[in-house]
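The values are calculated or read from the model by the stated rules, or taken from the named source; none is laboratory data. Only a predicted model underlies this, so the values are computations on that prediction, with no experimental measurement involved. Backbone-built Cβ (ideal geometry, glycine too); neighbour counts: all protein chains shown.
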């Protein structure tokens with residue numbers, strides 16, 4: 001199996017740190033020094049998770065030279081679906097793209113969602129080699145953050161990234177994969193609501209994302225280091241032999257700490273968080289597409305995708321581009 005094409009979409013509206021400083025007790029220097037972020041893209045009223053996913057998917061289909069009716073399955077990894085429960089955002093994407101032969105479902109593994117979805121997609125292609133899979137990570141996080149909370153709103157942005165996965169004549173799986181979770185940390189990143197929360201009469205749960213920064217930071221650094229090292233160990237490699245690491249763009253300081261822990265220079269990590277912020281499940285496919293379109297990702301490059309998210313979920317895929 002291989003990734004046949006990539007695509008991404010970032011809303012044209014850009015909100016800078018200086019823009020945020022007009023209403024928050026913060027500054028560009030403070031935000032950048034703590035997060036590595038200078039700006040982020042924010043969806044306008046006429047954009048949402050499904051519309052951004054469609055725009056990214058169209059680019060991926062074009063890059064893959066694939067027609068909508070060749071797609072057998074659409075998986076949308078998202079924590080911000082168009083509807084709180086159902087229908088799945090993937091169904092809206094399927095209709096908008098005209099993928100009349102495709103099944104469609106959403107996957108919820110937060111910021112690690114794209115890695116989970118990509119693994120499911122490649123396994124589906126292995127079982128159905130005559131069909132292609134569209135794997136999308138898309139988020140409209142600006143709709144679920146409290147824009148008066150300096151601790152969270154400075155981190156997040158909106159966007160979507162997509163890949164088309166298909167057979168390449170060799171049905172041998174090429175990627176080494178690790179998926180995992182540590183449910184004991186479920187409270188570290190959460191959003192109120194759902195069947196677990198029964199509000200008192202007259203009360204409505206606050207629907208904003210809640211983040212406990214320090215435990216998340218510690219978990220992310222330790223876990224991403226362990227995932228990358230574990231994947232390398234399985235193949236008899238060391239991390240320095242990787243050509244590029246596409247890590248979830250959660251916080252620039254997290255990635256710097258991961259680099260120090262692994263003894264790797266930061267140029268091993270593809271970084272775009274400075275202008276995108278944390279786009280959750282969209283961050284890795286957006287980064288992949290950016291690297292491909294810049295010509296930075298050559299065939300045969302040994303790469304690792306690695307991420308973590310609410311749950312706490314985590315995962316990694318090590319492969320030689322573009323095989324999965």
- For residue 37, indicate whether it is touching a strand residue (DSSP E or B) at 6+ places or on another chain (Cβ under 7 Å) and either within 25 Å of residue 151 (Cα to Cα) or in the same structural domain as residue 101 (by TED's automatic domain parsing) (or both). no
- helices (runs of 4 or more DSSP H) lying entirely in the stretch 1-116 (those with 1 or more residues that are touching a residue at least 60 places away in the same chain (Cβ under 8 Å) and crowded, with 22+ Cβ neighbours inside 10 Å): 28-35, 49-64
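For the stretch 117-127, which positions are out of contact with any strand residue (DSSP E or B) (no Cβ under 7 Å at 6 or more places or on another chain) and either outside any helix (DSSP H, G or I) or more than 24 Å from residue 183 (Cβ to Cβ) (or both)? Before the answer, list the steps.
Within the stretch 117-127, the first condition is being out of contact with any strand residue (DSSP E or B) (no Cβ under 7 Å at 6 or more places or on another chain), and the residues that meet it are 123, 126-127.
Once the filter is applied, which keeps residues that are out of contact with any strand residue (DSSP E or B) (no Cβ under 7 Å at 6 or more places or on another chain) and either outside any helix (DSSP H, G or I) or more than 24 Å from residue 183 (Cβ to Cβ) (or both), the stretch 117-127 yields 126, 127.
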- Within the stretch 148-161, considering residues that are modelled with pLDDT under 95 and assigned to a loop (DSSP other than H, G, I, E, B), the one farthest from the chain's Cα centre (by Cα): 148
- Message: Residues that are closer than 15 Å to residue 163 by Cβ and under 18 Å from the mean Cα position of the chain (by Cα): does the stretch 91-98 have at least one?
- Response: yes
- Item | helices (runs of 4 or more DSSP H) wholly inside the stretch 219-324 containing at least 3 residues that are crowded, with 20+ Cβ neighbours inside 10 Å and in contact (Cβ under 8 Å) with a residue 12 or more places away in the chain | 252-262, 283-294
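Of 126, 88, which residue is within 21 Å of residue 319 (Cα to Cα) and outside the structural domain of residue 217 (by TED's automatic domain parsing)? Before you say what the answer is, go through the steps one by one.
On the way: 88 fails: within 21 Å of residue 319 (Cα to Cα).
That would be 126, the only listed residue that is within 21 Å of residue 319 (Cα to Cα) and outside the structural domain of residue 217 (by TED's automatic domain parsing).
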